[in-house]
Amino acid sequence: MRSRKIRVCCMLLLTAVWIGFIIQRSLQPASASSGESSAVLAVLGLPDTRIFSVLIRKAAHVTEYGILGVLLCEDFRLLGAGPKMLPLGIGLAVAAADEWIQTMVPGRAGRVSDAALDFLGVWAAYLLFRYVGRLHRKRKERAEEKHGRSERA
């Protein structure tokens, strides 16, 4: 019982740290954000053009919110609480807050399209989490059926 509580606390803390990471990135001025995009393009060996820069930034939105989606789904799985759609609602709220914060940062702008991409990352992670959970339950059921048959034989 105690190890479960520790696991839940660690997951909630990890989720809070990840949300803090997202917010910290939103507080960066536009020049710092552009510099990061250029560095990623250089590592990938891609030219530092506008189209590649935009693609890297949009992929970063989906990725960081995909990670948030997985963390939120695991938090609620461990807690065994709330409606199944709650991770999506929290993810959307974080995305909206993230874009609102950017409206106050020099050179940055809060965009509905970016919040939509953020939500897409959460939603994709949510669907993947549900799919993997379903596969796991089916595998467990099959193993229990097989185990039950071997006991009866």
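Taking the residues in region 1-17 that are under 21 Å from residue 118 (Cβ atoms) and touching a residue at least 12 places away in the same chain (Cβ under 8 Å) as candidates, determine which candidate is surrounded by the most Cβ atoms within 10 Å (Cβ to Cβ).
Only one residue fits best here, namely 15.
Going by what's in this entry, would residue 52 be described as among the aromatic types (Phe, Trp, Tyr), under 18 Å from the mean Cα position of the chain (by Cα) and either part of a helix (DSSP H, G or I) or within 25 Å of residue 16 (Cβ to Cβ) (or both)?
no
Quick check: anything in region 31-46 in contact (Cβ under 8 Å) with a residue 24 or more places away in the chain and farther than 24 Å from residue 123 by Cα?
Within region 31-46, one or more residues are in contact (Cβ under 8 Å) with a residue 24 or more places away in the chain and farther than 24 Å from residue 123 by Cα.
Any idea which of (1) modelled with pLDDT under 95; (2) of a type in the set (Gly, Ala, Ser); (3) in a helix (DSSP H, G or I) is the one residue 82 doesn't satisfy?
(3)
Under 7 Å by Cβ, and 6 or more places apart or on different chains, what pairs join a residue from region 74-101 that is among the β-branched types (Val, Ile, Thr) with one that is assigned to a helix (DSSP H, G or I)?
So the pair list comes out as 90/72; 94/19; 94/22; 94/68; 101/23; 101/26.
Among the listed residues 20, 66, which satisfies the condition of being loosely packed, with under 14 Cβ neighbours inside 10 Å, at pLDDT 90 or above and either outside any helix (DSSP H, G or I) or out of contact with any strand residue (DSSP E or B) (no Cβ under 8 Å at 6 or more places or on another chain) (or both)?
Answer to the check: 20.
In region 23-37, is there at least one residue being touching a helix residue (DSSP H, G or I) at 6+ places or on another chain (Cβ under 6 Å) and farther than 22 Å from residue 115 by Cβ?
No, region 23-37 contains no residue that is touching a helix residue (DSSP H, G or I) at 6+ places or on another chain (Cβ under 6 Å) and farther than 22 Å from residue 115 by Cβ.
Which of the residues spanning region 102-141 are in a helix (DSSP H, G or I) and touching a residue at least 60 places away in the same chain (Cβ under 8 Å)?
102, 121, 124, 125, 129
For region 27-58, give me each residue that is under 30 Å from residue 131 (Cβ atoms) and surrounded by 14 or more Cβ atoms within 10 Å (Cβ to Cβ).
40, 55, 56, 57, 58
Based on what the data block shows, is residue 125 among the aliphatic types (A, V, I, L, M), within 20 Å of residue 13 (Cα to Cα) and surrounded by 20 or more Cβ atoms within 10 Å (Cβ to Cβ)?
Here the answer is yes, as residue 125 does meet what is asked.
The values are calculated or read from the model by the stated rules, or taken from the named source; none is laboratory data. Keep in mind it's a predicted model, so treat the numbers as computed, not measured. Cβ atoms come from the backbone with ideal geometry, glycine included; neighbour counts cover every protein chain shown.
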